[in-house]
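What follows is a set of notes on a single structure, which appears directly below.
Values in this text are rule-based calculations from the coordinates and carry no lab data. For clarity, every value in this text was computed on a predicted model and none was experimentally measured. Note that we place each Cβ from the backbone using ideal geometry, even for glycine, and neighbour counts take in every protein chain shown.
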Amino acid sequence: EDQVTQSPEALRLQEGESSSLNCSYTVSGLRGLFWYRQDPGKGPEFLFTLYSAGEEKEKERLKATLTKKESFLHITAPKPEDSATYLCAVQDIVNTGNQFYFGTGTSLTVIP
Amino acid sequence: GAGVSQTPSNKVTEKGKYVELRCDPISGHTALYWYRQSLGQGPEFLIYFQGTGAADDSGLPNDRFFAVRPEGSVSTLKIQRTERGDSAVYLCASSLSTTGEQYFGPGTRLTVT
């Protein structure tokens with residue numbers, strides 16, 4: 001069964017304090033791994049797609065990496081506006097067609 | 001351009017009533033997904049459309065839930081005989097294809113009293 005586990009559940013950082021969020025996944029065949037940001041009361045906002053182990057993508061202070069079992073979202077020198085819940089999702093090319101499985105997210109708070 | 005829109009933004013209904021939730025996807029996006037999100041959880045897949053047809057409805061919890069997309073654009077999620085356990089945020093997402101990134105609407109918060 002496809003599974004997505006995110007850790008930690010919650011993370012508090014001082015402004016400028018870099019850290020990483022983890023997304024561990026179990027799929028039969030990975031079609032893609034997706035990172036989203038969700039602000040309170042809003043729908044998720046697309047950040048990155050990763051397709052194969054070793055792939056990396058960057059956007060401003062965020063960098064996503066992928067291995068065969070997990071993905072990391074690295075946040076460098078975060079600012080208060082980076083506070084949000086970060087969700088990852090996977091698509092399994094073998095088992096579940098075009099469904100996306102989401103983790104429960106990491107709630108990030110960046111303190112000024 | 002315009003993003004995904006969902007109406008209403010909030011819906012309060014009594015147990016046993018029927019509700020319809022509407023999703024207007026990004027123009028040209030052929031794939032449309034419905035999700036349900038409870039507090040502190042990630043979005044849970046309900047159904048997706050490729051064009052007009054429901055390609056996979058395996059996430060619908062029971063036969064009280066039904067969704068349509070008659071012209072391949074706007075979609076409506078219909079819930080009959082609502083129960084308190086149906087209370088959640090219902091999210092809609094669209095994408096150019098079923099393998100690409102999804103763009104989400106703001107959601108409809110459904111409260112069943």
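Things worth noting here:
- Filter on A:Lys42/B:Lys17; A:Lys42/A:Lys63; A:Lys57/B:Lys78; A:Lys59/B:Lys78 - keep pairs with C-alpha separation over 29 Å: A:Lys57/B:Lys78; A:Lys59/B:Lys78
- In a simple Cβ point-charge model (Lys, Arg +1; Asp, Glu -1; nothing else charged), segment A:3-101 has a dipole of about 200 debye relative to its Cα centre.
- For the protein assembly as shown, a crude dipole built from +1 on the beta carbon of Lys and Arg and -1 on the beta carbon of Asp and Glu, taken about the Cα centre, is about 460 debye to the nearest 20.
- Loop trypsin sites (Lys or Arg not before Pro), segment B:22-113 (other Cβ atoms within 10 Å of the site Cβ: 16 or fewer; DSSP): B:Arg64, B:Arg81
- The 3J(HN,Hα) values that the Karplus relation (6.51, -1.76, 1.60; θ = phi - 60°) gives for segment B:104-113 are, in residue order, 9, x, x, x, 10, 8, 9, 10, 10, 9 Hz. Gly and Pro appear as x.
- Debye, to nearest 20: dipole size of segment B:1-83, +1 on Lys, Arg Cβ, -1 on Asp, Glu Cβ: 260 debye
- Cα-based reach from B:Lys15 at 18 Å (exclusive), listing aspartates and glutamates while leaving out same-chain residues under 8 positions away: B:Asp63, B:Glu83, B:Asp86
- Nonlocal amide H pairs with B:Ile47, under 5 Å, H built at 1.01 Å: B:Trp34
- Only one residue of B:Ser38, A:Ser52, A:Phe102 has its Cα farthest out toward the positive end of the dipole of the protein assembly as shown, where Lys and Arg carry +1 and Asp and Glu -1 on Cβ, and that residue is B:Ser38.
- In segment A:44-112, the chymotrypsin sites (Phe, Trp or Tyr not before Pro) that fall in loop regions by DSSP, at most 13 other Cβ within 10 Å: A:Tyr51
- 3J(HN,Hα) couplings calculated from phi for segment B:3-18 with the Karplus curve 6.51 cos²θ - 1.76 cosθ + 1.60 (θ = phi - 60°) are, in sequence order, x, 6, 10, 9, 9, x, 6, 9, 9, 10, 9, 8, 3, x, 7, 9 Hz; Gly and Pro show x.
- Of the GluC sites (Glu not before Pro) in segment B:1-98, the ones in a loop by DSSP (not H, G, I, E or B) with at most 11 other beta carbons within 10 Å are B:Glu14, B:Glu71.
- Here the relative contact order of chain B, from alpha carbon pairs under 8 Å that lie six or more residues apart, stands at 37 percent.
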